[in-house]
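Visitor: The structure follows.
The values are calculated or read from the model by the stated rules, or taken from the named source; none is laboratory data. All values derive from a computational prediction rather than experimental measurement. Glycine gets a Cβ as well: all are built from the backbone with ideal geometry, and neighbour counts include every protein chain shown. For accessibility, only protein heavy atoms count, side chains too; no ligands or nucleic acids. Shrake-Rupley method; radii C 1.70, N 1.55, O 1.52, S 1.80 Å.
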Amino acid sequence: MNALVINNFQPLFLAQLQPGDYVGFTFFIGSMAMLASTVFFFVQMTRVEGKWKDSLLVSALITGIAAAHYFYMRSFWAENQTSPTEFRYIDWILTVPLMCVEFYLILKPYGAKQSLMWRMIFWSLWMLVTGYLGETVFRSQSAIWGAISTIGYAFIAYDVWFGGARKLANSSADVNLQTAMKILGWFIFAGWAIYPIGYMAIDGGLLSGVLPVQAMDLIYNIGDAVNKIGFGLVIYSLAISNQKATATA
Amino acid sequence: MNALVINNFQPLFLAQLQPGDYVGFTFFIGSMAMLASTVFFFVQMTRVEGKWKDSLLVSALITGIAAAHYFYMRSFWAENQTSPTEFRYIDWILTVPLMCVEFYLILKPYGAKQSLMWRMIFWSLWMLVTGYLGETVFRSQSAIWGAISTIGYAFIAYDVWFGGARKLANSSADVNLQTAMKILGWFIFAGWAIYPIGYMAIDGGLLSGVLPVQAMDLIYNIGDAVNKIGFGLVIYSLAISNQKATATA
Amino acid sequence: MNALVINNFQPLFLAQLQPGDYVGFTFFIGSMAMLASTVFFFVQMTRVEGKWKDSLLVSALITGIAAAHYFYMRSFWAENQTSPTEFRYIDWILTVPLMCVEFYLILKPYGAKQSLMWRMIFWSLWMLVTGYLGETVFRSQSAIWGAISTIGYAFIAYDVWFGGARKLANSSADVNLQTAMKILGWFIFAGWAIYPIGYMAIDGGLLSGVLPVQAMDLIYNIGDAVNKIGFGLVIYSLAISNQKATATA
Amino acid sequence: MNALVINNFQPLFLAQLQPGDYVGFTFFIGSMAMLASTVFFFVQMTRVEGKWKDSLLVSALITGIAAAHYFYMRSFWAENQTSPTEFRYIDWILTVPLMCVEFYLILKPYGAKQSLMWRMIFWSLWMLVTGYLGETVFRSQSAIWGAISTIGYAFIAYDVWFGGARKLANSSADVNLQTAMKILGWFIFAGWAIYPIGYMAIDGGLLSGVLPVQAMDLIYNIGDAVNKIGFGLVIYSLAISNQKATATA
Amino acid sequence: MNALVINNFQPLFLAQLQPGDYVGFTFFIGSMAMLASTVFFFVQMTRVEGKWKDSLLVSALITGIAAAHYFYMRSFWAENQTSPTEFRYIDWILTVPLMCVEFYLILKPYGAKQSLMWRMIFWSLWMLVTGYLGETVFRSQSAIWGAISTIGYAFIAYDVWFGGARKLANSSADVNLQTAMKILGWFIFAGWAIYPIGYMAIDGGLLSGVLPVQAMDLIYNIGDAVNKIGFGLVIYSLAISNQKATATA
């Protein structure tokens, strides 16, 4: 096996893209966009006040972890032209729970309890572990595992749209927070819903006849950009507008 | 294909330049100049006040993203002696919209709206996507695609010279801003106009008989240095002179 | 031997994981989790006051050193599918004594002496050196060396549960500190006890018939995550709650 | 050519030095000394006041750019045992103009105009471009090109010793500045004069019978250390002594 | 020779250690300990006042330069199992003079002159250059060159124990400084004396029959850890205790 290793070698930072490899394009653009966002969130973290520093730090960690894995994934894609499934799930298993921490952090000043955070983290892990099994070990039954995975998604979406998280935001007098929660709710609803579409494009999936196999990674990459960078920018805007409101009051 | 990979390997940070490879020289000098500029803009960002921090941060991100891609491009050039088209467009698709964000940021205090920013970003993407198609997939019709690309350029130039952006600057009482907008206008007019000359040097292009093929990369590299580092320096000068004006007032 | 070196080569940052290699998964997740924790502790260090800065700096060094070695270990595992014993012990021989320094640092304001620190460091080195010998040079007698190693563990556990360290915490009027000491005591008791279970899974170990060989690394990885990241988070919480208490008083 | 690439590969950061390769020694020591100086100037930049920050930042950029190229050059030398001419000139074409910027920055408070800076930059580029041509493309006529190159040097030396730069320093009441200008004048006179001696050691040069070929790189390395690190230290001393003078006044 | 290069290739950051290679262990532990110390000294530098910042910065540079070379040396050792003599002396030729600068920096407030610093630097270079010649070019006469090298050591030791440096410390009223000088004196006397023992273990050395050849590197590694990290910690303690004394006074 060792002899193969050297043949598999593709220098990490010089992975080369073929003209017309549009999926590869999104991997490369994604890696740089995640890195630039990380720098942006770190710098802005030094400029906002107390409680917002934690939120922006978590945003920076989310895009930072994603940036690292996009560098791995773009090399993997450039070399193999197949989906870097393992790297993707390692990324998600770290960043999706961190997004749940974000929800908790912005709601904490209005009485959110740690149980909200742990509940969301539990369902996010449920969603990811079952999704991974459906994409790899039990690929022939990907539809079933996809359905099981969706249960986790549903609980999180419910929490943000109707459950504890939304009620807390509504009970606060903070208009900016309510707006942000609505936007984040749409991220969960529409942004996260991008992923199942990608998932169904795999061989034997519901959309496998409709979409080409490469569609999965293209869709996942768009989903990541929207949900990680966009998510962070909403948090950032909330921090800036809240800080201004405090300054005026 | 894997067996070839190792042969294609050129260590990223030790790409070697042949004596007399003047195009290669501009790639190497460009990579370091972009990196040094990034450090410069980051450090200066810590020294200017509030609203200028965002502008200098964006300048640093622009040259930083460019620096990363110049390191890739210089290795690609050193190895293949052909144009690293994919890396170039990945760079531009991230940095040119960021330049449009710069315009918005310096005009925001005088009432610029986000619609100005999104309009400019739209036309910059139009310009880049059609330009890429003309250089690669539809290379035989590069002239037509070049013309389509130019439409995007024209709208941006119009905005900066006569449209919303210029009017906002004129209506402000800020002399420094007006000077800066004039300089940035010239960057768009003359600096960005460098690129079409490079574009026309490709095989079958309008200038393909006049200029050698390598001229394209030489011209692109000069254009990038002028438009990214120069652009940032104008923003930096504006920040410094405005800060002094505020301090005296 | 040199000829083999190149065959053994596995690019450090692009070590590839096989689908279903769950032990490998924990190595990869561990490497990123350690890195993200290091960034987190460093940033938080800039935000806490005087004496807590040292504690968070040491926390960051612990996870930082671990992050570096997890990057080595994940590559080693990906390539060889065997335990990276040497890297693990190099990591531990640096980070475990630093954990003992942590105990000293949080107890110093209540009169802890350097002798407490050196005593704990001595027993931690005893534990590690004898453990290493049992896993490698004297593997056929791993049970005996494991027992000798446990003596070091017992002395540290005694100190934290009943000895000097606990008494100091009890004599302080600081409720937060007492709570933290209890949690850290449980880390030592239950968290560190994870490791012997892994140790007994090696060939000829007490659990070698019960657990598969790979169980050792899986267990060690979980132990490290709990004891290094968890340990640091307890210190961080203690710093935050103490700082608030001081601010209110 | 690709097949050769892998044979030419010498890992950048593990370039190995042969015992007794004294020229190689100066490359290795130079790379680390430049790096350490860069860290030193960056840290000191955070400690000096306003106008001196720019000067120390430029000093750090000069040694930083040099450090990067010394890492390339030491690998090149270790592998080929020939002069890394291209890397050297890429370094100089960036750092020598930055030294001219330094002169302008320290004289600006006493009325130096940008024309002084641009004039010095022009002559420094003249000096470098003609020097490069003499070392490579027109090596058989290296003496003639060396003479042409010296014209650029003469104009810069004149400016610092008798011209506009010196007059400005003399007209200021600042004794520290006058001392610094004298030292910098000696750097230009004696420090920069080291380079022509190296230049004349190349094949067919005036000293090619007197000095061995390797002497060129040895002399260039000593020159760089003196002129880049030493130059920065003079600026640093000037900043410190001026700051103290202001504090006492 | 080029064909061999690739065979000699050992990836820098994944150099692998064989079980039971205890000398290799000290190289690996040393590299990480130096790196962690560098981070520690840099962070502490931001927390101490004015004059101590320079001292801690120099401490950080010393361990930082050592860290870089220990990464090289550990790879070299892992691959060749022979002493990385060239890397060691490149490290020392940069760090030992910096230790002499440390002595000057802590004595400067009590009237130390630059001549003290230059004198110590001169003898340290004497010690290193003659030591290198004895280990490589004139290895058959290593005893003679070792004796010549010792002269440099003797002059430095004299200065710290009885000469100008000690007198300055004694004449100051600063008890902390006197304690620190005594400790540093013991570092020079006992810590630096570790090295000659290693030196005598080389082939044909005085202890070559007594100690195995590998003993040299083991002893050098212990010496470096003691003298670089320990030295820095003494400076750090002095800074902290002096700062407290000033705060109380």
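Visitor: Show me you know the interface measure: the accessible area buried between E and C, both chains summed, probe 1.4 Å, in Å² to the nearest 100.
Guide: 2400
Visitor: Rounding to the nearest 10 and keeping the result within 0 to 90°, find how far the Cα-based axis of helix B:22-45 lies from the longest principal axis of chain B.
Guide: 30
Visitor: If you take each beta carbon of peptide D:62-74 and count the beta carbons of other chains within 10 angstrom, what is the mean? Present the calculation step by step, with values, prior to reporting the outcome.
Guide: Numbers: counts 1, 0, 4, 5, 0, 0, 5, 2, 0, 2, 6, 0, 0.
Shielding by partners across D:62-74 averages 2.
Visitor: Looking only at C:P19, C:P196, C:P84, which one moves most when chain C is put into a Gaussian network model with springs between Cα atoms under 10 Å?
Guide: C:P19
Visitor: Between B:G111, B:G64, B:G20, find the one with the highest GNM mean-square fluctuation for chain B; connect C-alpha pairs within less than 10 Å.
Guide: Most flexible of the set in this elastic network: B:G20.
Visitor: For the ranges A:126-136, E:31-41, A:181-191, what's the packing order if you count other beta-carbon atoms within 10 Å of each residue, average per peptide, and put the highest first?
Guide: Numbers: A:126-136: 20.0, E:31-41: 23.1, A:181-191: 17.4.
Per-residue Cβ counts within 10 Å, averaged per peptide and sorted highest first, yield E:31-41, A:126-136, A:181-191.
Visitor: Right, something else. Averaged across the residues of C:79-89, what count of C-beta atoms belonging to other chains lies within 10 Å of each residue's C-beta? All intermediate terms of the calculation are to be shown ahead of the outcome.
Guide: Numbers: counts 5, 3, 1, 0, 0, 2, 2, 9, 4, 0, 4.
Mean shielding by partner chains, rounded to a whole number: 3.
Visitor: Next question, about the same structure. For the pairs B:K113/C:K244; C:K228/E:K51; B:K51/D:K228; B:K53/E:K244; D:K228/E:K108; D:K113/D:K182, flag any whose C-alpha to C-alpha distance is greater than 30 Å.
Guide: Details: B:K113/C:K244 42 Å; C:K228/E:K51 35 Å; B:K51/D:K228 35 Å; B:K53/E:K244 37 Å; D:K228/E:K108 26 Å; D:K113/D:K182 20 Å.
Too far apart for the 30 Å limit: B:K113/C:K244; C:K228/E:K51; B:K51/D:K228; B:K53/E:K244.
Visitor: Let me make sure I get this right: for region C:61-197, a, b and c are the square roots of the gyration tensor eigenvalues over alpha carbons, sorted descending. Under 1.5 in a/c it's rounded, otherwise prolate if a/b > b/c, else oblate. Which is it?
Guide: Details: a/c = 2.47, a/b = 1.73, b/c = 1.43.
Because a/c hits 1.5 or more and a/b exceeds b/c, region C:61-197 counts as prolate.
Visitor: Where in region B:168-191 does the amide nitrogen come within less than 18 Å of the point 7 Å from the Cα of B:S115, taken along Cα to Cβ?
Guide: B:168-169
Visitor: Right, here's the next one. Write down the accessible area per residue of region B:15-76 in Å², having rolled a 1.4 Å probe over the full set of protein chains. Present the calculation step by step, with values, prior to reporting the outcome.
Guide: Numbers: 1620 Å² over 62 residues.
On a per-residue basis, region B:15-76 sits at 26 Å².
Visitor: Also: Mind pulling the angle between the C-alpha long axis of helix E:215-224 and the longest principal axis of chain E? Nearest 10 degrees, somewhere in 0 to 90.
Guide: The angle comes out near 30 degrees.
Visitor: Hey, got the average number of other protein chain Cβ atoms within 10 angstrom for residues in C:94-101? Don't skip to the end; give the middle numbers.
Guide: Numbers: counts 5, 2, 0, 0, 1, 0, 0, 0.
Whole-number average of other-chain Cβ neighbours for C:94-101 is 1.
Visitor: Would you tell me the accessible area of E:I194, worked out with a 1.4 angstrom probe on the heavy atoms of the protein chains, in Å² to the nearest 10?
Guide: 40
Visitor: Treating only the Cα positions of chain C as identical point scatterers, give the base-10 log of I(q)/I(0) from the Debye formula at each q in 0.07, 0.15 Å⁻¹.
Guide: Log10 of I(q)/I(0), two decimals: -0.26, -1.07.
Visitor: Given a 1.4 Å probe and every protein chain left where it sits, what share in percent of the accessible area of the protein assembly as shown is carbon and sulfur? Working shown, then result.
Guide: Working: 34790 of 49260 Å².
The computed percentage sits at 71.
Visitor: Also, I was wondering about something else. Let me check against my output: what whole-number percent is the relative contact order of region B:151-249, with C-alpha pairs under 8 Å and at least 6 apart?
Guide: Details: 67 pairs, mean separation 24.2, N = 99.
Averaging sequence separation for qualifying contacts and normalising by length gives 24 percent for region B:151-249.
Visitor: Using the basic label-point model (7 angstrom from Cα toward the beta carbon), what is the E:I148 to E:Q18 distance in nanometres?
Guide: So the label points at E:I148 and E:Q18 sit 3.6 nm apart.
Visitor: Can you give the Kirkwood hydrodynamic radius of region C:92-170 from its Cα pairs, in Å with one decimal? Provide the component values of the computation, followed by the final result.
Guide: On the way: mean 1/r = 0.0767 Å⁻¹.
Averaging 1/r across every pair of different Cα atoms and inverting gives 13.0 Å.
Visitor: Most fluctuating residue of E:D21, E:D217, E:D91 in a GNM of chain E with Cα springs under 10 Å: which is it?
Guide: E:D21
Visitor: Just how far, in whole angstrom, is region B:112-188 from region D:181-249 if you go by their alpha carbon centroids?
Guide: The distance from the Cα centre of region D:181-249 to that of region B:112-188 comes to 47 Å.
Visitor: If you don't mind, there's one more thing I want to ask. Classify the protein assembly as shown as rounded, prolate or oblate, taking a ≥ b ≥ c as the square roots of the eigenvalues of its Cα gyration tensor: rounded when a/c is under 1.5, otherwise prolate if a/b is larger than b/c and oblate if not. Don't skip to the end; give the middle numbers.
Guide: On the way: a/c = 1.31, a/b = 1.00, b/c = 1.31.
Rounded, since a/c falls under 1.5.
Visitor: So for the pair D:F138, D:T82, with labels modelled 7 Å out along Cα→Cβ, what separation do we get in nm?
Guide: Result: 2.2 nm between the two label points.
Visitor: Would you please classify the overall shape of region A:152-249 from the alpha carbon gyration tensor, given that a ≥ b ≥ c denote the square roots of the eigenvalues, rounded means a/c under 1.5, and beyond that prolate means a/b larger than b/c while oblate covers the rest?
Guide: Values: a/c = 5.40, a/b = 2.15, b/c = 2.51.
Taking the square roots of the gyration eigenvalues as a ≥ b ≥ c, region A:152-249 is oblate.
Visitor: Explain nothing, just compute: Karplus ³J(HN,Hα) = 6.51 cos²θ - 1.76 cosθ + 1.60, θ = phi - 60°, for every residue of region B:79-95 in order, whole Hz, x for Gly and Pro.
Guide: Coupling constants for region B:79-95: 7, 9, 6, 10, 5, x, 4, 5, 4, 4, 6, 5, 4, 4, 5, 9, 8 Hz.
Visitor: Please report the relative contact order for chain D, taking Cα pairs under 8 Å with a sequence separation of at least 6, and give it as a percent rounded to a whole number. Don't jump to the answer; show the numbers that get you there.
Guide: Working: 281 pairs, mean separation 49.6, N = 249.
Relative contact order, chain D: 20 percent.
Visitor: Can you tell me the FRET efficiency between B:L125 and D:V226 if r is taken as the Cβ-Cβ distance and R0 is 56 Å, rounded to the nearest 0.05?
Guide: Values: r = 50 Å, r/R0 = 0.90.
The value I calculate is 0.65.
Visitor: Between D:S241 and B:I240, how high is the FRET efficiency from 1/(1 + (r/R0)^6) when r is the Cβ-Cβ distance and R₀ = 22 Å? Nearest 0.05.
Guide: So, using R0 = 22 Å, E works out to roughly 0.30.
Visitor: Just to confirm the number: angle between the C-alpha axis of helix B:114-135 and the first principal axis of chain B, 0 to 90 degrees, nearest 10?
Guide: Once rounded, one gets 10 degrees.
Visitor: A further question follows. Please state the charge dipole magnitude for region E:63-149, taken about the Cα centre, from unit charges on C-beta atoms (+1 on K and R, -1 on D and E), reported in debye and rounded to the nearest 20.
Guide: 300
Visitor: Continuing with this model, one more query. For B:S208 and D:V213, FRET efficiency with R0 = 41 Å and r from the beta-carbon atoms, rounded to 0.05? Please list the in-between numbers first.
Guide: Details: r = 44 Å, r/R0 = 1.06.
Taking R0 as 41 Å, the efficiency between D:V213 and B:S208 is 0.40.
Visitor: Please calculate how many Å² of accessible area region B:95-199 carries per residue, with a 1.4 Å probe and no DNA, RNA or ligand atoms counted. Walk me through the numbers before you get to the answer.
Guide: Numbers: 4780 Å² over 105 residues.
On a per-residue basis, 46 Å².
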